[in-house]
Amino acid sequence: MAPPGDLRDWIALLEREGELVRVSAEVDPHLEVTEIVDRVVKAGGPALLFERPKSEHPLLINQFGTERRMCLAFDAESLDEVGRRLGDVLEMQPPQGIAEKVKGLRKLKSIADSQPKRVRSGASQEVVLTGDDVDLGALPIQTCWPGDAAPFITLPAVITKDPRTGGRNVGMYRMQVLDPRSTAMHWQIHKDGRADYLMTDGKMDVAVALGLDPVTAYAASAPLPKHVDEFMLAGFLRGEPVELVPGKTVDLEVPANAEIVLEGTISRDDLTTEGPFGDHTGYYSPAEPFPVFRLSAITMRSDAIYPSIVVGKPPAEDAWLGKATERIFLPAIRMSVPEIVDYDLPVAGAFHNCCLVSIRKSFPGQAQKVMHAIWGLGLLSLTKAVVVVDEWVDVHDYDDVFFRVCANVDPKRDVLLSEGPLDHLDHAPSLQFYGGKIGIDATHKGPAEGAREWPEEIVMSGEVRRRVDERWEEYGIGGAAAGADGDAKRSLSQLLRR
Ligand SMILES: Cc1cc2nc3c(=O)[nH]c(=O)nc-3n(C[C@H](O)[C@H](O)[C@H](O)COP(=O)(O)O)c2cc1C
Ligand SMILES: [Mn+2]
């Protein structure tokens, strides 16, 4: 099996797996869909296909809302497995012997397959609407929260070209509907689409794909370096190239498999007031100037399905998109910061607010090195708080991390206050985009770091634990042999993960 080829394959798969519910009752995309979805997401419920969202086009939502669905999307047992697929290629060594050479060839093929492929026609252009026929009002675009300025397109893949290099970028930037033929384009200050726009003098072509196969839709949200095409990542992760067709009214290629494509232009001096919008920070992001996207065409399948997502106070559906990025990018992060064993971006921290990281420490000050590395690494550089623990601590076990922070930290010695760029949407710092950072070194420290002799951690002997495991039934206490060998297993699995 391979990941689904388009949104329809994906919906069929979700249905076969009991992961989708069709809602045939008429439902209003103005707030009502949000309230339904918010309850379903928080309960770990299914994807929802609203068949009558006051529009001819059905609305698909909560496709990414659980870990299981995310794994189904990637056709993987776990998100770490997806990360390993990428890590395998990043860490490629010259092959030794025949078996390794064959494996190496397979890896090279997967790289070759990742290059997008140009095809002559695509379902995304079955219907072509231009001029007065362009009408965003035909789509069931959600007004998500009561304070939102207007309806917003929330799950778009926005395609631009760097005017200097011709390199493509695909980013997920929400779009506020301004009128039937224009929207705002909310590419934030640190994002690649905005960089392409700032390099343009005058006008640039922009295309927006809606309703993609889940891996390509995910790729639009992936924080790749500017010069790497997100469609390439999608092709690599799918094991099949993303197929593209030339746009009808723009000098850009658009996915052949999309449900809907919006084509148009953005001009340098054409700004509007974007927002407020109930954001993934859990607060409304205030109105700010952003460029206007003026549509020249809408192309679509004849019975196109419109995809949406609601962000808001975490946890929301985007939690698993973020977790996918966390897992998939771990091997790439280790390429530059090899002492990192694992990391966790808590959903409650809206991803950029907090990073828990475990390291294999071998010299004084290494925790501080890692903090600075994170503050210098792609979009992770926006991280506000970094907590560093030793390699044997499970960073996904927040109780254990909290225990280490409380037990191992001398605030005067182990807290590093710094400053730097912060997320566009962070309302807490005194200045927008710039402010304080905190690093907490919760590792064990030695005399070279100004600590006294570090005490030994309490651990029961393996012999006694095994004995209690074996005899558990005999005690008549019931339940599983709670916690048996848990710590040992955990640290072993961390060593193996490396
Ligand atoms: C559901 C969802 C909505 C998002 N909305 C925005 C947005 O409105 N503006 C923005 O700059 N980033 C937004 N992001 C984050 C970007 O998609 C992400 O940073 C991505 O890396 C941007 O692509 P780029 O690195 O090519 O710029 C959103 C992500 C998700 C998952
Ligand atoms: Mn990019």
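Couplings for segment 45-50, taken from phi via the Karplus curve 6.51 cos²θ - 1.76 cosθ + 1.60 with θ = phi - 60°, read x, x, 5, 10, 10, 7 Hz in order; Gly and Pro are left as x.
Overall shape of segment 127-182 was characterised from the C-alpha gyration tensor. The equivalent ellipsoid obtained from it has semi-axes of 24, 18, 9 Å, in decreasing order.
About the Cα centre of the chain, what is the dipole size in debye to 20, counting +1 per Lys and Arg Cβ and -1 per Asp and Glu Cβ, all else neutral?
The dipole of the chain has a size of about 1220 debye.
Each of 121, 147, 134 was placed along the dipole of segment 108-147 (beta-carbon charges, centred on the mean Cα), and the one lying farthest toward the positive end is 121. Placing unit charges on each Cβ (+1 for Lys and Arg, -1 for Asp and Glu) gives the chain a dipole about its Cα centre, and among 45, 241, 424 the Cα reaching farthest toward its positive end belongs to 241. With a cut-off of 15 Å between beta carbons, the residues surrounding residue 27 carry a summed charge of -3, where Lys and Arg count +1 and Asp and Glu -1.
The amide H of residue 342, built 1.01 Å from its N in the peptide plane, has 358 as neighbours under 5 Å, considering only residues 5 or more places off or on other chains.
Specify whether the C-alpha gyration tensor of segment 9-134 places it in the rounded, prolate or oblate class, a ≥ b ≥ c being the square roots of the eigenvalues: rounded for a/c under 1.5, otherwise prolate if a/b is larger than b/c and oblate if not.
oblate
According to the square roots a ≥ b ≥ c of the eigenvalues of the Cα gyration tensor, what is the shape class of segment 330-422, taking rounded for a/c under 1.5, prolate for a/b larger than b/c otherwise, and oblate for the remainder? Rounded is the answer for segment 330-422, as its axis ratio a/c remains below 1.5.
Report note on the peptides 451-458, 285-292, 315-322: ranked by the mean count of other C-beta atoms within 10 Å, highest first, their order is 315-322, 285-292, 451-458.
Of the residues 371, 389, 347, the one whose Cα sits farthest toward the positive end of the charge dipole of segment 326-395, with +1 on the Cβ of Lys and Arg and -1 on the Cβ of Asp and Glu, is 371. Residues whose amide H comes within less than 5 Å of that of residue 173, counting only those at least five positions distant or on another chain, are 158 (H built at 1.01 Å from N in the peptide plane). For segment 205-214, the Karplus equation 6.51 cos²θ - 1.76 cosθ + 1.60, evaluated at θ = phi - 60°, returns couplings of 7, 9, 10, 10, 9, 10, x, 9, 4, x Hz by residue, with Gly and Pro reported as x.
With contributions of -39500 (n - 2.57) from each DSSP H run of at least four residues, the per-residue ellipticity at 222 nm computed over the chain stands at -9000 deg cm²/dmol. Restricting the calculation to alpha carbons of the chain gives Rg and Dmax of 24.4, 79 angstrom. The order of 384, 313, 369, 248 by accessible area, most exposed first and with a 1.4 Å probe, is 313, 248, 369, 384.
For the chain, which whole percent of the accessible surface, found with a 1.4 angstrom probe, sits on carbon and sulfur atoms?
55
Counting only protein heavy atoms and a 1.4 Å probe, the chain has 45 square angstrom of accessible area per residue. Between helix 79-90 and the chain there is an angle of about 90 degrees, using the helix long axis and the longest principal axis of the Cα atoms. Note that segment 276-293 has calculated 3J(HN,Hα) couplings of x, 8, x, 9, 6, 6, x, 10, 6, 7, x, 4, 8, x, 9, x, 9, 9 Hz, one per residue in order, obtained from phi through the Karplus relation 6.51 cos²θ - 1.76 cosθ + 1.60 (θ = phi - 60°); glycine and proline are x. Taken along its three principal axes, the alpha carbon spread of segment 301-367 comes to 61, 27, 11 Å, from the longest extent down to the shortest. By its C-alpha gyration tensor, with a ≥ b ≥ c as the square roots of the eigenvalues, how is segment 1-68 shaped: rounded for a/c under 1.5, else prolate for a/b larger than b/c, else oblate? Note, shape of segment 1-68 comes out oblate.
The values are calculated or read from the model by the stated rules, or taken from the named source; none is laboratory data. Computed from a prediction, not measured in an experiment: that's the story for all the values here. Glycine also receives a Cβ, built like all others from the backbone with ideal geometry; neighbour counts cover every protein chain displayed. Ligands, DNA and RNA are stripped out before the accessible areas are found, and what is left, the full protein with its side chains, is counted by its heavy atoms. Shrake-Rupley method; radii C 1.70, N 1.55, O 1.52, S 1.80 Å.
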